[in-house]
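Student: Can you keep this structure in mind? I'll have questions shortly.
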Amino acid sequence: MSIASTSSSIRVAILDDYQNVALKLADWSPLEGRAEITVFNDHIAERDALLKRLEPFDVICAMRERTPLTRDIIEHLPRLKLIASTGAANASIDLDAAGDRGVEVRHTGYSSTATIEFTWALILATMRNIPAENRSLQSGGWQVGLGTELAGKTLGLLGLGRIGSAVGVIGRAFGMNVIAWSQNLTEERAQEKGVQRVDKETLFRTSDLVSIHLRLSERTRHLVSAPEFALMKPTARLVNTSRGAIVDHAALLDALTSKRIAGAGLDVYDEEPLAADDPLRSLQNVLATPHIGYVTEELYRTFYKDTVRNIVEWMDATKA
């Protein structure tokens with residue numbers, strides 16, 4: 001889909017608009033007569049195909065981290081002048097490469113409400129076996145399992161930032177014992193957020209449910225791997241709405257298939273979209289969703305409204 005302009009000097013690409021809503025959720029009229037907008041609803045991962053698609057554009061509107069804009073990609077886009085990314089930061093954009101090429105990068109507002117709420121959707125659905133019960137009902141059956149109550153159970157938070165601390169507040173409201181660990185977590189921060197600070201081993205050994213809320217970095221990549229799964233109770237579950245690479249994919253599959261842990265609720269993966277033949281799509285003890293933790297109408301409206309503003313401000317500043 002595209003919106004034409006009376007001037008073809010500035011071409012704008014909106015990437016990965018999976019739901020085809022970008023043009024509906026914001027007022028793009030400030031760009032009329034100034035830019036030509038093209039919307040792409042599909043995702044391209046292959047390098048050469050992606051370069052061919054993006055080569056004609058001056059402005060790329062990136063939806064979160066769906067399409068990584070690496071140095072290799074940026075350096076092969078001679079027309080690129082602005083990356084308008086959604087969210088307050090985007091780890092998949094090589095900012096150094098953009099700076100070296102004179103490409104400006106602008107970001108939008110962000111709210112963690114959607115992810116906080118979705119984390120609890122996964123927790124509740126996994127603990128009460130809602131997907132399995134729904135499948136049974138739809139196929140003509142009735143009750144097939146036993147759910148697990150949250151009250152009195154231990155919620156282990158891997159990370160106690162804005163999202164993790166809010167998830168902890170809700171856990172306490174359910175009557176859970178909330179503990180937390182991260183490399184930089186202090187006793188003062190834990191007390192301020194009303195949770196107990198523990199060491200990493202204690203968190204994995206005692207938690208009935210581990211929920212991940214860390215930024216992805218070299219320190220946190222594969223932070224959860226075989227040794228951590230070996231510590232967990234066989235009745236425990238893992239929930240990840242943060243970043244897939246924080247968990248070692250092979251170790252996770254082994255823990256799930258061997259029933260080393262009871263199950264997982266996953267919204268993020270090492271590679272996205274998740275491969276069609278990935279076992280996580282079919283394991284019965286996994287509730288897997290397609291990275292929709294932030295996908296709400298309210299947040300999308302913020303993203304695209306701010307994107308329009310960022311493009312207009314950039315055009316005004318550069319006389320584009």
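Student: Before rounding to the nearest 500, sum -39500 (n - 2.57) across all DSSP H runs of length at least 4 in the chain and divide by the residue total; then give [θ] at 222 nm in deg cm²/dmol. Please report the intermediate quantities before stating the final value.
Tutor: Working: 11 runs with 105 residues, N = 320.
That calculation yields -9500 deg cm²/dmol at 222 nm.
Student: If I take every Cα pair under 8 Å that is 6 or more residues apart in segment 113-288, average their sequence separation and divide by the length, what percent do I get for the relative contact order?
Tutor: Values: 306 pairs, mean separation 32.9, N = 176.
Contact order relative to length: 19 percent.
Student: For a test of the definition: using alpha carbon positions, the gyration tensor, and the 1.5 limit on a/c, classify segment 1-123 as rounded, prolate or oblate.
Tutor: Values: a/c = 1.73, a/b = 1.26, b/c = 1.37.
Note, shape of segment 1-123 comes out oblate.
Student: Determine Rg/Rh for segment 54-111; Rg is computed over alpha-carbon atoms and Rh is the Kirkwood hydrodynamic estimate from the same atoms.
Tutor: Values: Rg = 10.4 Å, Rh = 11.2 Å.
Taking Rh as the inverse mean 1/r over Cα pairs, Rg/Rh reads 0.93.
Student: Rank the residues Leu283, Leu203 as a footprinting-exposure proxy: fewest other Cβ atoms within 10 Å of their Cβ go first. Intermediate values should be presented prior to the final figure.
Tutor: On the way: Leu283 16, Leu203 23.
So the residues, fewest neighbours to most, are Leu283, Leu203.
Student: Computed FRET efficiency, Cβ-Cβ of Gln191 and Ser111, R0 25 Å: what is it to the nearest 0.05? Can you show the working numbers first?
Tutor: On the way: r = 26 Å, r/R0 = 1.04.
Using R0 = 25 Å, I get an efficiency of 0.45.
Student: Right, next: Ranked highest first by the average count of other Cβ atoms within 10 Å around their residues, in what order do 128-139, 93-104, 14-25, 300-311 fall? It would help to have the intermediate numbers written out before the result.
Tutor: Details: 128-139: 13.7, 93-104: 15.8, 14-25: 18.2, 300-311: 20.5.
Output ranking for 128-139, 93-104, 14-25, 300-311: 300-311, 14-25, 93-104, 128-139.
Student: Using per-residue counts of other Cβ atoms within 10 Å, averaged over each peptide, order 153-159, 195-201 from highest down. Walk me through the numbers on the way to the answer.
Tutor: Details: 153-159: 24.1, 195-201: 16.7.
Result, highest mean Cβ count within 10 Å first: 153-159, 195-201.
Student: Still on this structure, please answer the following. How high is the relative contact order of segment 35-99, in percent, counting Cα pairs under 8 Å that sit 6 or more residues apart?
Tutor: Values: 68 pairs, mean separation 22.8, N = 65.
Over segment 35-99, the number comes to 35 percent.
Student: Same structure, new question: From the phi angles alone, apply the Karplus equation (6.51, -1.76, 1.60; θ = phi - 60°) to segment 124-134 and give each ³J(HN,Hα) in whole Hz, x where the residue is Gly or Pro.
Tutor: Once rounded to whole Hz, the list reads 5, 5, 6, 5, 9, 6, 4, x, 5, 5, 5.
Student: Continuing with the same structure: Taking the Cβ of each residue in Ser225, Ser29 as the centre, tally the other Cβ atoms inside 10 Å and list the residues starting with the fewest.
Tutor: On the way: Ser225 17, Ser29 9.
Starting with the residue having the fewest Cβ neighbours, the order is Ser29, Ser225.
Student: Here's a follow-up. Under a Cβ-Cβ cut-off of 13 Å, what is the net charge of the residues other than Ala236 that fall near it, where Lys and Arg count +1 and Asp and Glu count -1?
Tutor: On the way: positive: Lys153, Arg205, Lys233, Arg237, Lys259, Arg260; negative: Asp208, Glu228.
Value of the local net charge: +4.
Student: Would you list Arg243, Arg47 from fewest to most Cβ contacts within 10 Å? Present the calculation step by step, with values, prior to reporting the outcome.
Tutor: Numbers: Arg243 20, Arg47 12.
So the residues, fewest neighbours to most, are Arg47, Arg243.
Student: With point charges of +1 on the Cβ of Lys and Arg and -1 on the Cβ of Asp and Glu, referenced to the Cα centre of the chain, which listed residue (Met176, Ile261, Leu160) lies farthest in the positive direction of the dipole?
Tutor: Farthest along the dipole direction, towards plus: Met176.
Every number in this text was worked out from the coordinates using simple rules, so none of it is lab data. Only a predicted model underlies this, so the values are computations on that prediction, with no experimental measurement involved. Glycine gets a Cβ as well: all are built from the backbone with ideal geometry, and neighbour counts include every protein chain shown.
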